[in-house]
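The values are calculated or read from the model by the stated rules, or taken from the named source; none is laboratory data. Quantities reported herein were computed from a predicted structural model and do not represent experimental measurements. Cβ placement follows ideal geometry from the backbone for every residue including glycine, while neighbour counts extend to all protein chains displayed.
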Amino acid sequence: MYARILIDNKSDHGLICEWGLAVYIEYEGHKLLLDTGSSGAFVKNAESLGVNLEEIEYGVLSHAHYDHSDGLAEFFSRNRTASFYMRVGTGENCYGKRWIFHKYIGIKKGFLEQYTDRIVYADGIFEMIPGAYLVPHKTPGLDKTGARAGLYVKRGRRLVPDSFAHEQSLVLDTKEGLVIFSSCSHGGADTIIREVTDAFPGKEICALIGGLHLYRTSEQEVRALAGRVRKLGIRRLITGHCTGERAMAVLEEELPGVAEALHTGMEFEIG
């Protein structure tokens, strides 16, 4: 498995960066795209890096927030065939709360109807191609996590805490073990690790890649997470975007040689 970060908050080699994430992946002869950042800027980076977006066969949207979905139209204008896989229940209904104000942070309004022929909705543990799975949250009570994070979804006329039913992880089965791509981990990295372990009994997790949503998390909690990663024997933790610099420093201290900060332009192979 080979991956290249097409856009992240940080950059290398003069590439564009933005608050968002997009990852190009090659797996078992297939070419995949995970997320599209918060604009079409990832397309320019792909061109600079020699990644041909027209060759992408499958797209995955990790969750229904703008910083992962707002580049979708730009992708569809360049790639006429690839379907994008979203979680059943994905809607244009995500909001963030700051003080008493609610701000829309979801997929662009009208997008899902406009591009309905390019979207596939995944239900349950969904095998997209042999060895590549989309894994949803099954843990009850994640709406409490949503409330603490100030994340909401609109149900009718009401805003209710987000249970992250629209969030999914991309899990690749490699010779080295399972590789989890979890773009924001809103439900919690521990939750995602446990759900993947339960979904694939007897399989080891060798890598966790993506954002961990730790930028508001206490140092004590970050160190506890690092301890669990170490105990499970996860050998690579490649993280950025919403992880946060303070949490990243703690992870690198606790997990030397395991934790790495991702950035735009970064490439790596596993298995």
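Tell me which residues, restricted to the range 31-58, are buried (at least 24 other Cβ atoms within 10 Å of the Cβ) and either within 21 Å of residue 93 (Cβ to Cβ) or of a type in the set (Asp, Glu) (or both).
35, 36, 37 - these are the residues of the range 31-58 that are buried (at least 24 other Cβ atoms within 10 Å of the Cβ) and either within 21 Å of residue 93 (Cβ to Cβ) or of a type in the set (Asp, Glu) (or both).
Given the conditions (1) more than 20 Å from residue 60 (Cα to Cα); (2) touching a Leu at 6+ places or on another chain (Cβ under 6 Å); (3) not β-branched (Val, Ile, Thr), report the number of the one that residue 246 does not fulfil.
Against the list (1) more than 20 Å from residue 60 (Cα to Cα); (2) touching a Leu at 6+ places or on another chain (Cβ under 6 Å); (3) not β-branched (Val, Ile, Thr), residue 246 comes up short only on (2).
Taking only the range 6-30 into account, find how many residues are buried (at least 18 other Cβ atoms within 10 Å of the Cβ) and assigned to a strand (DSSP E or B).
Here the count works out to 7.
Would you confirm whether or not the range 101-122 contains a residue that is at pLDDT below 95 and part of a loop (DSSP other than H, G, I, E, B)? Please lay out each step first, then the result.
Taking the range 101-122 and keeping what is at pLDDT below 95, we get 101-102.
Applying the additional criterion that residues be part of a loop (DSSP other than H, G, I, E, B) yields none.
No; the residues of the range 101-122 include none that is at pLDDT below 95 and part of a loop (DSSP other than H, G, I, E, B).
Just to be sure before I move on: is residue 194 charged (D, E, K, R) and modelled with pLDDT under 95 in the structure I sent?
In short, no.
Residue by residue through the range 85-100, note down the ones that are in a strand (DSSP E or B) and closer than 18 Å to residue 127 by Cα. Steps first, please.
Keep residues of the range 85-100 that are in a strand (DSSP E or B), which gives 85-87, 94-98.
Passing the criteria: 85, 86, 87.
Using the structure shown, decide if residue 102 is in contact with a Phe, Trp or Tyr (Cβ under 8 Å, 6 or more places away or on another chain) and crowded, with 20+ Cβ neighbours inside 10 Å.
The answer is no for residue 102.
Can you name every one of the strands (runs of 3 or more DSSP E) wholly within the range 152-271 that holds 3 or more residues which are more than 16 Å from the chain's Cα centre (by Cα) and surrounded by fewer than 19 Cβ atoms within 10 Å (Cβ to Cβ)?
158-161, 267-269
What number of residues within the range 261-271 satisfy the criterion of being of a type in the set (Asp, Glu) and touching a Lys or Arg at 6+ places or on another chain (Cβ under 7 Å)?
1
Taking residue 41, is it aliphatic (A, V, I, L, M) and more than 25 Å from residue 171 (Cβ to Cβ)?
yes
Working only within the range 38-71, note down all residues that are touching a Lys or Arg at 6+ places or on another chain (Cβ under 6 Å) and closer than 21 Å to residue 109 by Cβ.
none
Can you give me the number of residues within the range 31-49 that are assigned to a loop (DSSP other than H, G, I, E, B) and either in contact with a Ser or Thr (Cβ under 6 Å, 6 or more places away or on another chain) or free of Cβ contacts under 8 Å to residues at least 24 places away in the same chain (or both)?
1
Yes or no, residue by residue, for (1) of a type in the set (Lys, Arg); (2) in contact (Cβ under 8 Å) with a residue 60 or more places away in the chain; (3) exposed (fewer than 15 other Cβ atoms within 10 Å of the Cβ):
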residue: 64; (1), (2), (3): no, yes, no
residue: 68; (1), (2), (3): no, yes, no
residue: 75; (1), (2), (3): no, no, no
residue: 98; (1), (2), (3): yes, no, yes
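Just a yes or no: is a residue in the range 85-100 farther than 18 Å from residue 30 by Cβ, among the aromatic types (Phe, Trp, Tyr) and over 21 Å from the mean Cα position of the chain (by Cα)? It would help to see each step written out before you state the result.
First, pick out the residues of the range 85-100 that are farther than 18 Å from residue 30 by Cβ: 86-100.
Remaining after also requiring among the aromatic types (Phe, Trp, Tyr): 95, 99.
Still in the running and over 21 Å from the mean Cα position of the chain (by Cα): 99.
Within the range 85-100, one or more residues are farther than 18 Å from residue 30 by Cβ, among the aromatic types (Phe, Trp, Tyr) and over 21 Å from the mean Cα position of the chain (by Cα).
Taking the range 129-142, which residues are outside any helix (DSSP H, G or I) and crowded, with 19+ Cβ neighbours inside 10 Å?
Kept after step one, since they are outside any helix (DSSP H, G or I), are these residues of the range 129-142: 129-141.
Across the range 129-142, the qualifying residues are 132, 133, 134, 135, 136, 137.
Within the range 76-84, identify whether any single residue is of a type outside the set (Gly, Ala, Ser) and part of a helix (DSSP H, G or I), and answer yes or no.
Yes, the range 76-84 contains a residue that is of a type outside the set (Gly, Ala, Ser) and part of a helix (DSSP H, G or I).
Within the range 197-214, is even one residue in contact (Cβ under 8 Å) with a residue 12 or more places away in the chain and in contact with a Phe, Trp or Tyr (Cβ under 7 Å, 6 or more places away or on another chain)?
Checking the range 197-214: at least one residue is in contact (Cβ under 8 Å) with a residue 12 or more places away in the chain and in contact with a Phe, Trp or Tyr (Cβ under 7 Å, 6 or more places away or on another chain).
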